[in-house]
Amino acid sequence: MKFYITTPIYYVNGAPHIGHAYTTVAADVLARWKRLEGHEVFFLTGTDEHGQKVEKAAAAAGLDPQSFTDRVAEQFREMTAWMGASNDDFIRTTEPRHKRACAALWQRLAERGEIYLGEYEGWYAVRDEAFYAESELVEGPGGTRLAPSGAPVEWVGEPSYFFRLSAWQDRLLAFYDAHPDFVAPTSRRNEVVSFVKAGLTDLSISRTSFRWGVPVPGDPAHVMYVWLDALTNYITAAGFPDERDELWHFWPADLHLVGKDIIRFHAIYWPAFLMAAGLAPPKRVFANGWWTVEGEKMSKSLGNVIDPHELVTRYGLDAVRYFLLREVPFGNDGSLSHRALINRMNVELANDLGNLAQRSLSLLARHCAASLPALAPPTAEDSALLSAAAALPARVSEALDRVAFSEALEEVWKIVRAANAYIDHQAPWALRSSDPPRMAAVLRVLADALRVVATVLQPFMPGSMGRMLDQLGVPANARDLAALATPLPAGMALPAPQAVFPRFVEDAA
Ligand code: ME8
């Protein structure tokens, strides 16, 4: 089966931070997991480069928008690589293929009578690139008016094309009814449904007061509203408007991962645009929560913005990936704390998993002539551990289908803890003199349990789990879930063991 997963495309108004890296890593884990399950995966990420917000940032940097976006887009591309993302494509909205797709979508909407020319008068927040109704505004300091997000708003009055969003209200509600899983978590679904029930007004989809955008076909005085442009990226990358493109079979996307701040655009506007153009809406939109830093909102003015590259340099990529997905149930907000990260590294990675592997592998190296022992008829305890391990992939799969990363990891750690209890109880080091065949049998059980654990953890920690599978002698072409059904041959040579997760020792300085 095919699986198409996306991250939001990130604004290039500033450098990437840990919030961006978070959604990218989450999408990467799902993409890698689906590949491990044998699906045909297309994983897309990229940058959102048009609009007033980016235009202003370019001006502030003293650069023309194209040179500015070229520079910042490169930083996002690098972030994607540093975070170990296995994306199949990286889209930039300034690319010709994307402008072509935007124009084609616009034309389809126009041909179907979904667009009309009018005059927009109302509030706009550049920081959110969003229009707000008077009734949505909140009071800011000194009686100023702010968007519900806290962004400043300005009054805009200009000729504008409109999308007949109001006509889609009932069809959207029917769509949410027919697809109860379309928006998740449930709190976000409720938010979306009540927003639509409260009544939709037509949406302004073009601007005339600045130039940095995709020109409206046939009326170049207008540029397209940046959100219409941005959302289109998901079909551009699948080959739109060429429906014979080899990637088009990936559409509709199976999952758009987005931050909770942009759920309205993805769960209301986007399916409405698509249905209005006669295209299938995405299957699911899942919103992640927000990270704060040591309990404080991340902001440039507080100077506490976390650079993902610094975090990875300090703690290592896999520890950061593990922490981000283990610490907070996906969908909830979380606080990024160095103490909590170090704690998880030392307790769960170095101690629980690292030591288990190290103990098992060094006993195999020393007392089994560095080769894999044969499977012996299992005792009840052997069978309990082996059958729990065998059931693990299905449990992880079930959790990941619910986008519940922390639950998936908890399932893995149940096996890790069970294997630790098993090794302590069996004490293979003591069996070495009393019952060598039993020692070999116990080590084989541990190797098999570790193989399952390392296999299912690959999407989360590709580098270290690759090394663990190397040490377990698992051939590179036998690391997907299907391969687990075939036992490794007895007598197979094992390479010298090396610690996979060193303890993190804090600098005394
Ligand atoms: O909204 N915690 O781009 P953006 C968790 N271009 N996630 C965070 C985060 C935080 N503190 N900060 C950002 C845009 N994110 C649009 C999207 S899509 C067609 C267009 C993540 O650069 C989160 O996923 O503001 C959020 O939705 C995304 O970065 C927003 O990035």
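The values are calculated or read from the model by the stated rules, or taken from the named source; none is laboratory data. It should be emphasised that the depicted structure is a prediction, and the values quoted were computed from it without experimental measurement. With ideal geometry, Cβ positions are generated from the backbone for all residues, glycine too; neighbour counts draw on all protein chains shown. To get the accessible areas, we keep the full protein, side chains included, count just its heavy atoms, and leave off ligands, DNA and RNA. Shrake-Rupley method; radii C 1.70, N 1.55, O 1.52, S 1.80 Å.
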What is the sum of charges around Arg92, taking Lys and Arg as +1, Asp and Glu as -1, for the other residues whose C-beta is under 11 Å from the C-beta of Arg92? -3
Note, segment 265-274: 3J(HN,Hα) by Karplus (6.51, -1.76, 1.60, θ = phi - 60°), whole Hz, Gly/Pro = x, goes 5, 7, 9, 10, 4, 5, x, 5, 4, 5
Net charge within 15 Å of Arg395 by Cβ-Cβ distance, Lys/Arg positive one each and Asp/Glu negative one each, not counting Arg395 itself? -3
Heavy-atom accessible area of Thr208 with all protein chains present, probe 1.4 Å, nearest 10 Å²? 40
Given R₀ = 60 Å, what would the calculated FRET efficiency be for Glu139 paired with Ala390, taking r from the Cβ atoms and rounding to 0.05? 0.55
Computed lengthening from Leu117 to Asp435, 0.36 nm per intervening residue step minus Cα-Cα distance: 105.9 nm
Rounded to one decimal in nm, the spacing of the 7 Å Cα→Cβ label points at Met492 and Lys197 is 5.6
If the cut-off is a Cα-Cα distance under 18 Å, which lysines reach Lys56, setting aside same-chain residues fewer than 8 apart in sequence? Lys300
Extension gain from Glu40 to Ala61, taking 0.36 nm per residue of separation minus the Cα-Cα distance: 3.4 nm
How many nm separate the modelled label positions at Glu154 and Asp181, each set 7 Å beyond the Cα in the direction of the Cβ? 4.4
Residues other than Pro220 with Cβ under 14 Å of its Cβ, Lys/Arg counted +1 and Asp/Glu -1, net out at +2
Under a straight-distance cross-link criterion of Cα-Cα below 20 Å, which lysines are reachable from Lys283, leaving out those fewer than 8 residues away in the same chain? Lys2, Lys34, Lys260
Length released on extending from Leu375 to Arg503, taking residue separation times 0.36 nm less the Cα-Cα span: 42.8 nm
Just to verify a number: what accessible area does Lys260 come out at with the full protein assembly present, 1.4 Å probe, Å² rounded to tens? 60
Could you tell me what percent of the accessible area of the chain is made up of carbon and sulfur, with a 1.4 Å probe and every protein chain present? 54
Kindly provide the helix-only [θ] at 222 nm of the chain, computed as the sum of -39,500 (n - 2.57) over DSSP H runs of four or more divided by all residues, to the nearest 500 deg cm²/dmol? -13500 deg cm²/dmol
Mind listing the phi-derived Karplus ³J(HN,Hα) values for segment 242-248, rounded to whole Hz, using 6.51, -1.76 and 1.60 with θ = phi - 60°, and x for any glycine or proline? 7, 6, 9, 4, 5, 8, 5
